[in-house]
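Data block below; observations after.
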Amino acid sequence: MNKIIAVIPARGGSKTIPRKNLQLISGVPLVAYSIFLARQLDFVSRVIVSTDDSEIAKVSRDYGAEVVNRSKDISQDLSRDDLIFSELIEIDSSIDIKDLVIFLRPTHPIRNPNIVSDAFKTYMDNSNSYDSLRSMKLSSEIVFKTWCIDESGYAKPAFNPGIVEINDPANAPRQILPKTYYQDGYVDVFPFSNVMDFGNTTGAKILPYVINEFSQDIDNFTELEKVEEYISGKNKPSWFVPPKI
């Protein structure tokens, strides 16, 4: 039987929030939230933090994760996720490419273990038809009405209008446009083999898993404060347990 491995990529660098993965939320380093969540999942056999940072490595071990030292050259702002998994396969001979990944980004600290478990079960029930599962949320913005500005200063539709059979979707009534979703970083599930077969983590056929409760991926101090307020407030969910060593 193939292993189920939780992988948490936590590099040391960050421009929007310096040392972001070590920022404290209710006195606990951000990266610890994902480790603690992963260790609650009884189907996960290993919890691996991939990091280029010695302080993150120490915190990760303190909270019960294995640590793989990530190369500096794949720990840059523009480094892609698939490079992390290629390196893990190369470093760790015990990983089989058919092993499954529960991919948990450390910038997403509030996760319900029951939802992550259900996402995993949903993927397993449909793994013959899909290459991966990716969590997502309903977009509040109408992406068909978004634009890019090119080097000449012209505005061009940012979204491929050919994806829907609607003439000039940027000027169409919103009521006739399809709903769209954005990837929210709550959880992804996929086999290591996707990296070899597709050159990415998700593959070609992606199973959507829609998240309908509060969650927040942290990219700036405002979002960090929002999460802090949520878990310290009276509306904190009953399932939430703060990480502990």
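The values are calculated or read from the model by the stated rules, or taken from the named source; none is laboratory data. Here the structure is a predicted model, which is why all the values come from computation and not from measurement. No Cβ is skipped: glycine too gets one built from the backbone with ideal geometry, and neighbour counts run over all protein chains shown.
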Notebook entry, point to check: Among the residues of the stretch 76-122, which ones are modelled with pLDDT under 95, assigned to a loop (DSSP other than H, G, I, E, B) and among the acidic types (Asp, Glu)?
Noted result: Asp77, Asp92, Asp96
Margin query: Cβ contacts < 9 Å: first residue in contact (Cβ under 8 Å) with a residue 12 or more places away in the chain, restricted to the stretch 1-27; second residue assigned to a strand (DSSP E or B) and of a type in the set (Gly, Ala, Ser), any location; separation 6+ or different chain. Result?
Written below: Val7/Ser50; Ile8/Ser50; Pro9/Ser50; Ala10/Ser50; Arg11/Ser50
Notebook entry, point to check: Given Asp42, Asp82, Asp73, which one is in contact (Cβ under 8 Å) with a residue 24 or more places away in the chain, out of contact with any strand residue (DSSP E or B) (no Cβ under 7 Å at 6 or more places or on another chain) and among the charged types (D, E, K, R)?
Noted result: Asp82
Checklist line | Subset of the stretch 220-234 (residues that are farther than 11 Å from Ile17 by Cα, free of Cβ contacts under 8 Å to residues at least 24 places away in the same chain and assigned to a helix (DSSP H, G or I)) | finding: Glu225, Lys226, Glu229
Check: When you go through Asp73, Asp125 one by one, which is the residue that is assigned to a helix (DSSP H, G or I), under 26 Å from Tyr209 (Cβ atoms) and of a type in the set (Asp, Glu)?
Finding: Asp125
